[in-house]
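Data block below; observations after.
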Amino acid sequence: MSSTVGLILGGGKGTRLFPLTEQRSKPAVPLAAKYRLIDIPIANCINSDINRIYLLTQFNSVSLHRHIRQTYNFDGFHGGFVEILAAQQTIEGTDWYQGTADAVRKNLRYVQQPGIEHVLILSGDQLYRMDYRDMLKTHQETNADVTIAALPVDREAAKGFGVMRLDDNGRVEGFLEKPQTDKEIDMVRTDPQWMESRGIESKGRDCLASMGIYLFNRDTLVELLSNNDYEDFGKEVFPMSIRTRNVQVHLFDGYWEDIGTIKSFFQTNLDLAKSDPPFEFYCPDSPIYTRPRYLPASKFDGASLSKALIADGCVIGEGTTIENSVIGLRCRIGKNVTIRNSIVMGSDFYESTPGNSDSPRTDIGIGDGCVVENAIIDKNSRLGEGAVVSPGSLTEADLKSPDLYVRDGILVTPKNTIIPAGWKIDQE
């Protein structure tokens, strides 16, 4: 793997994750109480012995830069690094990245350094655990120019993916984006027996969906991007590669989730809080890394917890009930609070005790007697005593507050939101 470099695509504006991306880039969005989305592909690279990693980004990247700088510091003897390649003006061009392929094209000089033979292109908003050494093995054994990771899915799920058609040797012959009819799906169907013969239980699945993970021969990637102005890998570069190159598929049958929308982000986090989560962070052989914060242990005083993920440095008061929820770093939760089916991201800092002031202050955290249900409370938010934060039956069209959002039936408070004591959604 010493001749392989990883390129992680930091994504665009992250509009489907708004308002969580209002003040941060998509890869910097918190995940599972104490991680960020970007930690997943970086950890997979490190665990696969890839220690030269570039991250391509351009939107709201300050917190992402800070996280990378404070987290990933390799020793000086192995030459590893995680570097951010932000959009910048150069002699060759002054435009921002116009798409995933355009972002890589504008940074080809970094993969044309000596000693690089393969380039692994990854997404910054997916949750999965993969050993990329297995993918490189498939790539080399099939003498591929390009290898793409593929996930077996059933016909219903295939409607939301790009689906590939293969020959008997695993070479990709066709690609169809989000097929909607049985006729279209039949065009790209994979024989379940073919999967079974390669050690993958089909379980009624007869389609192979693109995971957006590509392994290129370095020279192939340079040639493909140098001779055209294609902007997107999935929609343009990959289909072109199928016509002109040996594109092979690498089968993957583990947990994989694309966290690109509020709904998927919300459900994925709550799934991680279950007693039997679909993705396991407690894995000694391939840990997920993140920033070491040196926070005190979380403290509970007579609270009731069920199916909850609790991060470091939290203080949770007496009589509080937390069910099926994720509680982030440095979260202060008062007495007799109820939190159900929610994500509370915590805060970036501890607030000092209030001084002598005549004006009332709503502290960072969740005040006594609050109720939070079906909600995402972003960092540094302040909920006054007795506030009820729940969307009820409201939709985005019904919500009158300019500072709150309802997405897919989930109430979202942006970062630094202040909700006064006694507030309810019908009192806006």
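None of the figures in this text is laboratory data; all of them are computed from the coordinates on show. Everything quoted here is computed from the prediction, not taken from an experiment. Don't worry about glycine lacking a Cβ; one is built from the backbone with ideal geometry, like all the others, and counts go over all protein chains shown.
Short version: ³J(HN,Hα) in whole Hz for each residue of the stretch 382-394, in order, from phi by Karplus 6.51 cos²θ - 1.76 cosθ + 1.60 (θ = phi - 60°), x for Gly and Pro, what are they?
Whole-Hz 3J(HN,Hα) from phi for the stretch 382-394: 10, 10, x, 4, x, 5, 10, 10, 7, x, x, 9, 6.
Please compute the net charge surrounding D368, taking Lys and Arg as +1 and Asp and Glu as -1 over other residues with Cβ under 9 Å from its Cβ. List each step's numbers first, then the result.
On the way: positive: K335; negative: E385.
Net of charged neighbours comes to 0.
Long-range amide H contacts for G162: which residues qualify at under 5 Å (H placed 1.01 Å from N, peptide plane, sequence gap of 5 or more or a different chain)?
Answer set, sorted by chain and number: K178, S210.
Subtracting the Cα-Cα distance from 0.36 nm times the residue separation, let me have the gained length for M240 to Q23 in nm, one decimal.
Values: separation 217, 0.36 × 217 = 78.12 nm, distance 3.59 nm.
Roughly 74.5 nm would be gained on extension.
Report the trypsin sites (Lys or Arg not before Pro) located in the stretch 115-190 that are in a DSSP loop and have at most 13 other Cβ atoms inside 10 Å of their Cβ, or state none. Working shown, then result.
On the way: sites: R129, R133, K137, R155, K159, R165, R171, K183, R189; in loops: R129, K159, R189.
Here no loop site has a sparse enough neighbourhood.
Among L224, L108, which comes first, second and so on when ranked by fewest other beta-carbon atoms within 10 Å? Working shown, then result.
Working: L224 25, L108 14.
The most exposed by this proxy come first: L108, L224.
Output the Kirkwood hydrodynamic radius of the chain, Cα pairs only, in Å rounded to one decimal. If you can, show how the numbers build up before the last one.
On the way: mean 1/r = 0.0431 Å⁻¹.
Over the chain, the inverse of the mean reciprocal pair distance is 23.2 Å.
Would you compute, from DSSP H runs of 4+ residues alone, the mean residue ellipticity of the chain at 222 nm, taking -39500 (n - 2.57) per run and dividing by the full residue count, rounded to the nearest 500?
Working: 11 runs with 81 residues, N = 428.
After summing the helix terms and dividing by the residues of the chain, the value is -5000 deg cm²/dmol.
Taking the number of other C-beta atoms within 10 Å as the exposure measure, put M1, M130 in order starting with the fewest.
Numbers: M1 16, M130 24.
Going from least to most buried by this count: M1, M130.
What ranking of S226, S210, S304 emerges when the number of other C-beta atoms within 10 Å of each C-beta is taken as an exposure proxy, fewest first?
With the fewest neighbours first, S226, S210, S304 line up as S226, S304, S210.
How far, in nm, would the chain grow between T362 and S226 when pulled straight, counting 0.36 nm per residue and subtracting the alpha carbon separation?
Numbers: separation 136, 0.36 × 136 = 48.96 nm, distance 5.58 nm.
Between T362 and S226, full extension yields an extra 43.4 nm.
Calculate one ³J(HN,Hα) per residue across the stretch 131-144 by plugging θ = phi - 60° into the Karplus curve 6.51 cos²θ - 1.76 cosθ + 1.60, and present them in order as whole Hz with x for glycine and proline.
8, 5, 5, 5, 5, 5, 4, 4, 4, 6, 5, 9, 6, 7
Just to confirm the filter: which chymotrypsin sites (Phe, Trp or Tyr not before Pro) across the stretch 282-339 are DSSP coil and have at most 15 other Cβ within 10 angstrom of their Cβ? Before the final figure, lay out each step's value.
Numbers: sites: Y282, Y289, Y294, F300; in loops: Y282, Y289, Y294.
Those that pass, being in a loop and sparsely packed, are Y282, Y289, Y294.
Give a residue-ordered list of calculated ³J(HN,Hα) values for the stretch 156-171 (Karplus: 6.51 cos²θ - 1.76 cosθ + 1.60, θ = phi - 60°; whole Hz; x for Gly, Pro).
5, 5, 4, 5, x, 10, x, 10, 10, 10, 10, 8, 5, 9, x, 7
With the cut-off at 1.5 for a/c, could you classify the stretch 212-314 from its C-alpha gyration tensor as rounded, prolate or oblate?
Values: a/c = 2.95, a/b = 2.66, b/c = 1.11.
Since a/c reaches 1.5 and a/b is larger than b/c, the shape of the stretch 212-314 is classed as prolate.
So, by mean Cβ neighbours within 10 angstrom, what's the order for 317-329, 24-36, 382-394 with the highest one leading?
Values: 317-329: 20.8, 24-36: 24.6, 382-394: 19.1.
Highest to lowest by the protection proxy: 24-36, 317-329, 382-394.
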